[in-house]
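The structure appears below as structure tokens.
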Amino acid sequence: MSTEPILENSIVHSQYVPSERPVSKKELADNLKYFMRKNKISDEMVFHTKTKYFYYVKKFGKKEQEILINKKENNEKYNVDIGNCSVSWKIKKTPREIRAQAIDVVKEYMFQFEGDKIDELTHYKVELAKVFYTWLYLENYD
């Protein structure tokens, strides 16, 4: 079975299309929240000190469960270095033909959502998050 159609249609090839109308902050937040809930992505974020990658974990997954246990126990590092880094793993599993584009998406996501920027939603950031999480959790190369 050829993977060419999958690679050609990969989310990492998508181009940002700006909104043609003004979008309120509430609508942006609701849009992102709907996407995350629909795709079973948790409100819990993990940070990996070695790779410096951060991302929301899958809902009901092992990482989310460990984060919730650590949080309950008042562990100050409740969401740091939980399990292996899913972003690094996914980059390794991404076919070479599209790996550079995937890395570009990861870099842009990390830049746009670092530190205090995470709460400053824009249309671009919502669309970027959708691309990032679709690639990370939903796109399959098998």
Seminar exercise, completed: The residue that is nearest to residue 33 (Cα to Cα), considering only those in region 110-138 that are at pLDDT below 90 and assigned to a loop (DSSP other than H, G, I, E, B), is 120
For this session: Could you grab me the full set of residues in region 52-87 that are hydrophobic (A, V, I, L, M, F, W, C) and either touching a strand residue (DSSP E or B) at 6+ places or on another chain (Cβ under 8 Å) or more than 23 Å from residue 105 (Cα to Cα) (or both)?
Result: 54, 57, 60, 67, 68, 69, 80, 82, 87
Problem set entry | Residue check, residue 62 under 22 Å from residue 121 (Cβ atoms) and surrounded by 11 or more Cβ atoms within 10 Å (Cβ to Cβ) | no
For this session: Could you check, for region 76-85, whether at least one of its residues is over 25 Å from residue 115 (Cβ atoms) and either touching a residue at least 24 places away in the same chain (Cβ under 8 Å) or aromatic (Phe, Trp, Tyr) (or both)?
Result: no
Exercise. Among the residues of region 81-137, how many are under 14 Å from residue 55 (Cβ atoms), of a type in the set (A, V, I, L, M) and buried (at least 16 other Cβ atoms within 10 Å of the Cβ)?
Worked result: 11
Exercise. In region 101-142, what residues are of a type in the set (Gly, Ala, Ser), touching a helix residue (DSSP H, G or I) at 6+ places or on another chain (Cβ under 9 Å) and farther than 18 Å from residue 18 by Cα?
Worked result: 102
Exercise. Residues that are over 21 Å from residue 138 (Cα atoms): which helices (runs of 4 or more DSSP H) entirely in region 8-109 hold 2 or more of them?
Worked result: 25-38, 62-72
Problem set entry | Failed condition for residue 69, given (1) touching a Phe, Trp or Tyr at 6+ places or on another chain (Cβ under 8 Å); (2) β-branched (Val, Ile, Thr); (3) surrounded by fewer than 15 Cβ atoms within 10 Å (Cβ to Cβ) | (1)
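The values are calculated or read from the model by the stated rules, or taken from the named source; none is laboratory data. Everything numeric here is computed off the predicted structure, so don't read it as measured data. Neighbour counts are summed over all protein chains in view; Cβ atoms, including those assigned to glycine, are modelled from backbone coordinates with ideal geometry.
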